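The values are calculated or read from the model by the stated rules, or taken from the named source; none is laboratory data. Please read all numbers here as calculations on a predicted model, not as lab measurements. Here the Cβ positions follow ideal geometry from the backbone for every residue, glycine too, while neighbour counts run over all protein chains shown.
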Amino acid sequence: MPQHTPAPGQHVCGHCDGFPTVAITTGTRNPDGTRRTLNVTCPACKGTGTITAPARRTLATAGR
Ligand SMILES: [Zn+2]
């Protein structure tokens, strides 16, 4: 399938939706005419785009 599937145990970061590094245009231009951009790295996944799934807790037995 052409669909990208993360490695087992890894999930696409919900904070950046798999786009960990984003170039933001500030609207200003450098003296040479290029756009000035800021590269922002996702703080949640630290630029990896994926997060390791936390250990799942079973909720079924709580309070019974
Ligand atoms: Zn992220």
Condition met for Val22 (modelled with pLDDT of 70 or more, more than 8 Å from the ligand (Cβ to nearest atom) and out of contact with any Cys (no Cβ under 8 Å at 6 or more places or on another chain)): no
Please list, ordered by first then second residue, the pairs with beta carbon atoms under 7 Å, 6 or more apart or interchain, first in the range 39-53 and hydroxyl-bearing (Ser, Thr, Tyr) and at pLDDT 90 or above, second more than 8 Å from the ligand (Cβ to nearest atom) and not in a strand (DSSP E or B). Thr50/Pro6
